[in-house]
Amino acid sequence: MTRKLLALGLCAALIASMAACGSSTPATNATATAGTPDKVATGVIAIVDVAPIYLGKQKGFFSKRNINLDLQTAQGGAAIVPAVVSGQYQFGFSNVISLLLAQSRNVPVKVVSNGNNSTGDPKADFGAIVVKDPNIKSAKDLVGKKVATNTLKNIVDTTVKNIVQKDGGDPAKVNFVELAFPDMGAALDAGNVDAIFVVEPFLAAAKAKGWRVIGSYADVDPKLCVALYFTSTQLAASNPDLVKRFTEAMKESLAYADAHPDEVRAVLSSYTQITGDTAKTLTLPKWPADIDTAAVTKLGDLAVTYGLLTAKPDLTKLLP
Amino acid sequence: MTQAVPKSGAGAASPVLLGLIGLVGFAALFEVLPRIGVLPADYFPTTSAIAAHGLALVRQSAFWVSFGQTVGTWALGLAISVVGGLVLGVIIGAVPLLRAATSSTIEFLRPIPSVALIPLVIVLLGTKMSSTLVLVVYASFWPVLVQVLYGVADVDPIARETALSFRLGPLDRVRYLIWPTTLPYAVTGIRLAASVALILTITGELVIGSPGLGHDIQTAYSSNAVPLMYALVVVTGLIGVAANLVTRMTERRILRWHPSVRGEVPV
């Protein structure tokens, strides 16, 4: 009898402890208390594109606006968007198409700042189509060929399709293969794909091998907006002051980075392993301080054209 | 006895020697293959290039910070699993009612691969160390728990009856009856958990991006720093070897009284 009672007691204790575990997740929120800086977690990807936010943090553009910026690197937008929406991060970095797709699926995201843009020079951009086969002379020759993209149905394949179409090819007849940027060079070398779309620093490595560039972000739009910083609609509504300060700090960081490429190249080694000659020679993106609404609209239209979106995105709701 | 008994002298020395020859041969092979162009040198750096990057790495304080984060996550996760597995295992195993009530739940939860929880922990905890820790604990808890359960079930019925007739209390029964039988099982569980925990620590850092060596591997990978990436991979391998050695040594010490370690035939 005592044994049974003991067993029941243990059962109850176990259930109670499990329940305690379940409810103990604290609802952390970066609500400001006067005087102490707001701790702001921002999800970024450790790539060249986010150099301005690292530089801006170093220069004190965030701390002088009472923001204690905590940069957390994630492996991609797939990890950043849910973490921002759930409030684990206050802000995040994502490419434009991912944000358009998120909005079309009613994910509550709100853009707060520009991210990065094409250099505007098709010969020297930070993301481009690279080929090895001398028979592929221009983008329209990619019809019927295998092209590597980092993610299917996203910004890279949309870019490639548009370049092929502008060159007179049928974009529907380009075959895309999903590969991570770091693996693309090896795949092209081995002949597993016919063309790759790579970004820096892999673009510099591909050019160094003597491979040819046959199209780049700039061919879609000289001002093509590649990525943006965003928050959740919840934070945008509950703490507009914090969002305003973050946006201002980002504007200052972007403008500073755009004007000081040498400092950008130096800051790269603080969060990536891009060092030495690569850091000195790779092509940096453009970092305009303001969002180019026309460029974002164009990407939204292309997303509709190529079937990523079923309806034209409502940019007035997404953009600030 | 006509069975061949291995000569003790040669038998003890040659495995170590052979092991070393194997390692050196492996290293030499991967020095030569990229050099003669069988493997593309851009993606398979030579052993010497990897070693050079490894040596440069250990002189950087940032490397030791990551090293500490990885080993810390691993050790903390393992400790939580071991303590949790031992305590819950002994309690559940000792109470038949509890055991019957939980076995189906355990068999349901245990096969869920820890990495399948990655989206969940990102939403709940973001990409901090705690996310990886959850994965580590989830994966390494089950081997400990299940081994302890087996151990508790293996208690000799006669010893159990004896303990009952001597009216040993619950705590004394755990101490003198369950514990000695369970310990060898638990130690096996802990050894399994140690390697599982390391795998999940690196996986979590690599996939989620929480700080540590796995994250550094990902950063090197996405920065086209190929030899550095291989050097970091080698370091994680060395941690695995070290972890295995430590757990095996501890196993021998804890179980030095046990027939399986003493090497004597039990009567």
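The values are calculated or read from the model by the stated rules, or taken from the named source; none is laboratory data. Small disclaimer: the values here were computed from a predicted structure and weren't measured. Backbone-built Cβ (ideal geometry, glycine too); neighbour counts: all protein chains shown. Areas reflect the complete protein model, heavy atoms only, side chains present, ligands, DNA and RNA absent. Shrake-Rupley method; radii C 1.70, N 1.55, O 1.52, S 1.80 Å.
Annotations
- Scanning the stretch A:182-209 for residues that are away from every other protein chain (no Cβ under 11 Å) and either surrounded by fewer than 17 Cβ atoms within 10 Å (Cβ to Cβ) or touching a His at 6+ places or on another chain (Cβ under 8 Å) (or both) returns A:191, A:192.
- Among the residues of the stretch B:167-197, the ones that are open to solvent by 70 Å² or more (accessible area, probe 1.4 Å) and at pLDDT below 90 come to 7 in all.
- Once the stretch B:139-155 is narrowed to residues that are over 15 Å from residue B:195 (Cα atoms) and of a type in the set (Val, Ile, Thr), the residue that is surrounded by the most Cβ atoms within 10 Å (Cβ to Cβ) is B:148.
- Residue selection: residue A:132 satisfies the criterion of being more than 24 Å from residue A:247 (Cβ to Cβ), at pLDDT below 90 and within 14 Å of chain B (Cβ to nearest Cβ).
- Scan of the stretch B:96-127 for residues that are open to solvent by 20 Å² or more (accessible area, probe 1.4 Å), assigned to a loop (DSSP other than H, G, I, E, B) and either of a type outside the set (Val, Ile, Thr) or over 18 Å from residue B:143 (Cα atoms) (or both), ordered by number: B:110, B:111, B:113
- Test: residue in the stretch A:246-261 that is within 14 Å of chain B (Cβ to nearest Cβ) and either surrounded by 21 or more Cβ atoms within 10 Å (Cβ to Cβ) or of a type outside the set (Lys, Arg) (or both): no
- Among (1) on the phi > 0 side of the Ramachandran plot; (2) open to solvent by 50 Å² or more (accessible area, probe 1.4 Å); (3) small (Gly, Ala, Ser) - the single one residue A:276 does not satisfy: (2)
The rows are residues; the columns are (1) closer than 20 Å to residue A:179 by Cα; (2) part of a strand (DSSP E or B); (3) touching a Leu at 6+ places or on another chain (Cβ under 8 Å); (4) modelled with pLDDT of 85 or more.
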residue	(1), (2), (3), (4)
A:71	no, yes, no, yes
A:79	yes, no, no, no
A:82	no, no, no, yes
A:89	no, no, no, yes
A:106	no, no, no, yes
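- Cβ separations smaller than 9 Å between residues 6+ apart or across chains give the following pairs from the stretch A:247-265 residues that are within 20 Å of residue A:281 (Cβ to Cβ) to residues that are of a type in the set (Lys, Arg) and crowded, with 18+ Cβ neighbours inside 10 Å: A:258/A:286; A:263/A:59.
- For the stretch A:93-102, the criterion of being modelled with pLDDT of 85 or more and assigned to a loop (DSSP other than H, G, I, E, B) is satisfied by no residue at all.
- Residue in the stretch A:220-228 that is under 25 Å from residue A:317 (Cα atoms), among the acidic types (Asp, Glu) and at pLDDT 90 or above present: no
- Counting the residues of the stretch A:229-245 that are open to solvent by less than 40 Å² (accessible area, probe 1.4 Å) and within 17 Å of residue A:61 (Cβ to Cβ) gives 4.
- Verdict on residue B:123 being aliphatic (A, V, I, L, M), touching a Leu at 6+ places or on another chain (Cβ under 8 Å), within 13 Å of chain A (Cβ to nearest Cβ) and closer than 18 Å to residue B:204 by Cα: no
- Whenever a residue of the stretch B:48-67 is touching a residue at least 12 places away in the same chain (Cβ under 8 Å), its partners that are among the aromatic types (Phe, Trp, Tyr), lying with C-beta atoms within less than 7 angstrom and at least six residues away or across chains, give the pairs B:50/B:230; B:57/B:63.
- When the stretch B:205-217 is filtered for residues that are open to solvent by less than 40 Å² (accessible area, probe 1.4 Å), within 11 Å of chain A (Cβ to nearest Cβ) and part of a helix (DSSP H, G or I), the ones remaining, listed by number, are B:205, B:214, B:215, B:216, B:217.
- Single residue of the stretch B:53-88 satisfying the filter (over 19 Å from the mean Cα position of the chain (by Cα) and more than 19 Å from residue B:239 (Cβ to Cβ)) that is nearest to the other protein chains (Cβ to nearest Cβ): B:88
- Residue match in the stretch B:152-163 (condition: at pLDDT 85 or above, of a type in the set (S, T, N, Q) and under 30 Å from residue B:73 (Cβ atoms)): no
- Qualifying residue in the stretch B:172-187 (condition: part of a helix (DSSP H, G or I), within 14 Å of chain A (Cβ to nearest Cβ) and either β-branched (Val, Ile, Thr) or farther than 20 Å from residue B:129 by Cβ (or both)): yes
- Check on residue B:239, within 13 Å of another protein chain (Cβ to nearest Cβ), open to solvent by less than 30 Å² (accessible area, probe 1.4 Å), outside any loop (DSSP other than H, G, I, E, B) and not acidic (Asp, Glu): no
- Residue A:95 away from chain B (no Cβ under 14 Å) and either touching a residue at least 40 places away in the same chain (Cβ under 8 Å) or among the aromatic types (Phe, Trp, Tyr) (or both): yes
- Residue list for the stretch B:128-138, restricted to those being modelled with pLDDT of 90 or more and either open to solvent by less than 20 Å² (accessible area, probe 1.4 Å) or not in a helix (DSSP H, G or I) (or both): B:132, B:135, B:136
- Sole residue being surrounded by fewer than 20 Cβ atoms within 10 Å (Cβ to Cβ), basic (Lys, Arg), away from chain B (no Cβ under 14 Å) and touching a helix residue (DSSP H, G or I) at 6+ places or on another chain (Cβ under 7 Å), chosen from A:110, A:123, A:140: A:140
- Checking each residue in the stretch A:275-296 for being within 18 Å of the chain's Cα centre (by Cα) and within 23 Å of residue A:128 (Cβ to Cβ) picks out A:283, A:284, A:285, A:286, A:287, A:288, A:292, A:295, A:296.
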